[in-house]
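Student: Dumping the structure here so I can ask a few things about it.
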Amino acid sequence: MGLAKGHEGSAILMLDKRMTAADIVAQLSDGMTIGIGGWGPRRKPMALVRELLRSNLKDLTIVAYGGADVGMLCAAGKVKKVVFAFVSLDAIPLEPWFRKAREAGQLEVLEVDEGMFQWGLKAAAFGVPFLPTRVGLGTDLAALGGLKTVSSPYADGEELLAVPAIRLDAAFVHMNRSDVRGNAQYLGPDVYFDDLFLAACEPGRRFVSAEKIIPTEDLLKEGTFHTLKINRSMVDGVIHAPNGAHFTTCEPDYGRDEAFQKAYVDA
C-alpha cells in the first residue's frame, strides 16, 4: 500500500496490488483447492500455472473448466483431485495428459455438468452450502458424484438436485487489462465465469494476471463498460504477465499457438 498524489496535489491513499508469480505461489500450501479461470484452451492463466509447476506444491485439488492447465499439473504430479465440467483442448476433445492420469487411476474426480459447475461456484460466492437445480436429476453425474436431492419447501414439494458449493482456497484468472488495484477487463468474447472463480474464493488469495497494466481511467473508455466484470474488491494480487495465457487464446491480443499445442500433445 503506497501513498500517491492526486491531480490537485492532495495526498490520497492508493492500493498497489502488483506482485510476481513467485510471490503468489509462495502463499500457497500442499492440499489446497485452487480454482483456475478461463475455458478449455481459452484465456488460461498459464503464467501462474507454470509457476505452480516450478514449485514443490503437491496434493492439490484443481477446479476448472479445464484445458492444458489441468493437463500440465496432472503430468507434473501436482494434482490429487480435479473438479471439472470438461478438460478439453477443443480440437482434441479430451486433454491427453489429464486422460492419461485419469485412466491410470491417479486422480480423484468430481465431474459435473457445465451449468452445475457454475451453480457450485455461485453457491460459494453467495456463502450458502448448496444451490438447487433441475439440471442433473437422474443422471450418472449426480449418482457418481454422490450429489443429494432436496424437496422444495413450498407447496409443490418438487425434488431438486442440491449442487454443493465449490469453495476455493485460491483463485487464478487471466485478463487482457488491469490497473494496479485489481480492476480488470476482458476484451474477447466472454468473461468465462472468471468473476465467479474470484467470488467463490475467500479474500486473501484471489489473483489476476494481465497482459497489460494500465491506468484506471483507460479501463473506462466508452463502449467497454460491460467488460469490467472484475473490480478491486474481488482481487488481492495483480501480476503483469504479457503473453501470460500462452499457448491458449487471449483474444484480441493473440490467438492459440497451434504449433505449440501440437508439440505439447505429441509429447
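Student: Taking only protein heavy atoms into account and a 1.4 Å probe, give the accessible area per residue of the chain in Å². Can you show the working numbers first?
Tutor: On the way: 12670 Å² over 267 residues.
For the chain, the per-residue accessible area is 47 Å².
Student: With the calculation restricted to Cα positions, what are the radius of gyration and Dmax of segment 134-267 in angstrom?
Tutor: For segment 134-267, the Cα-based Rg and Dmax read 19.3, 58 Å.
Student: Calculated from DSSP H runs of 4 or more alone, at -39500 (n - 2.57) each and per residue, what is the 222 nm mean residue ellipticity of the chain, nearest 500? Could you put the intermediate results ahead of the total?
Tutor: Values: 8 runs with 63 residues, N = 267.
So the helix-based figure for the chain works out to -6500 deg cm²/dmol.
Student: Could you sort the peptides 104-114, 173-183 by per-residue average Cβ neighbour count (10 Å cutoff), highest mean leading?
Tutor: On the way: 104-114: 14.8, 173-183: 24.4.
Packing proxy ranking, top to bottom: 173-183, 104-114.
Student: Also, quick follow-up: For segment 96-179, rounded, prolate or oblate, judged on the Cα gyration tensor with a ≥ b ≥ c (square roots of eigenvalues), a/c < 1.5 rounded, else prolate if a/b > b/c? Each step should come with its number before you reach the end.
Tutor: On the way: a/c = 2.65, a/b = 1.28, b/c = 2.06.
Oblate, since a/c reaches 1.5 and b/c is not below a/b.
Student: In segment 55-97, what is the volume of the convex hull around the alpha carbon atoms, normalised per residue and reported in Å³? Intermediate values should be presented prior to the final figure.
Tutor: On the way: hull volume 2.5 nm³, N = 43.
Here the figure is 57 Å³ per residue.
Student: Also: Under 8 Å for C-alpha pairs, at least 6 residues apart: give me the relative contact order for segment 1-155, rounded to a whole percent. Intermediate values should be presented prior to the final figure.
Tutor: On the way: 225 pairs, mean separation 22.3, N = 155.
Relative contact order of segment 1-155: 14 percent.
Student: Among 96, 188, 209, which residue has its Cα positioned farthest towards the positive end of the charge dipole of the chain, with +1 placed on the Cβ of Lys and Arg, -1 on the Cβ of Asp and Glu, and the dipole taken about the Cα centre?
Tutor: So the residue we want is 209.
Student: Moving to a separate point now. For segment 14-49 and segment 134-189, what is the separation of their C-alpha centers, rounded to whole Å?
Tutor: So the separation of the two Cα centres works out to 20 Å.
Student: So, one more: Determine the shape class of segment 10-62: with a ≥ b ≥ c the square roots of the Cα gyration tensor eigenvalues, call it rounded for a/c under 1.5, and otherwise prolate if a/b is greater than b/c, oblate otherwise. Mind dumping the intermediate values first?
Tutor: Numbers: a/c = 2.51, a/b = 1.63, b/c = 1.53.
Prolate shape, in that a/c is at least 1.5 and a/b is the bigger ratio.
Student: Taking the chain as the reference, fit the longest principal axis to its C-alpha atoms, fit the long axis of helix 114-126 to the helix C-alpha atoms, and give the angle between the two in degrees, 0 to 90, nearest 10.
Tutor: Between helix and principal axis, roughly 60 degrees.
Student: Express the carbon and sulfur contribution to the solvent-accessible surface of the chain as a percent, rounded to the nearest whole number, probe 1.4 angstrom. Spell out each step's value before the answer.
Tutor: On the way: 6690 of 12670 Å².
The nonpolar share, carbon plus sulfur, comes to 53 percent.
The values are calculated or read from the model by the stated rules, or taken from the named source; none is laboratory data. For clarity, every value in this text was computed on a predicted model and none was experimentally measured. Cβ coordinates were reconstructed from backbone atoms using ideal geometry, including for glycine residues, and neighbour counts include every protein chain displayed. Accessible surface areas use protein heavy atoms only, side chains included; no ligands, DNA or RNA. Shrake-Rupley method; radii C 1.70, N 1.55, O 1.52, S 1.80 Å.
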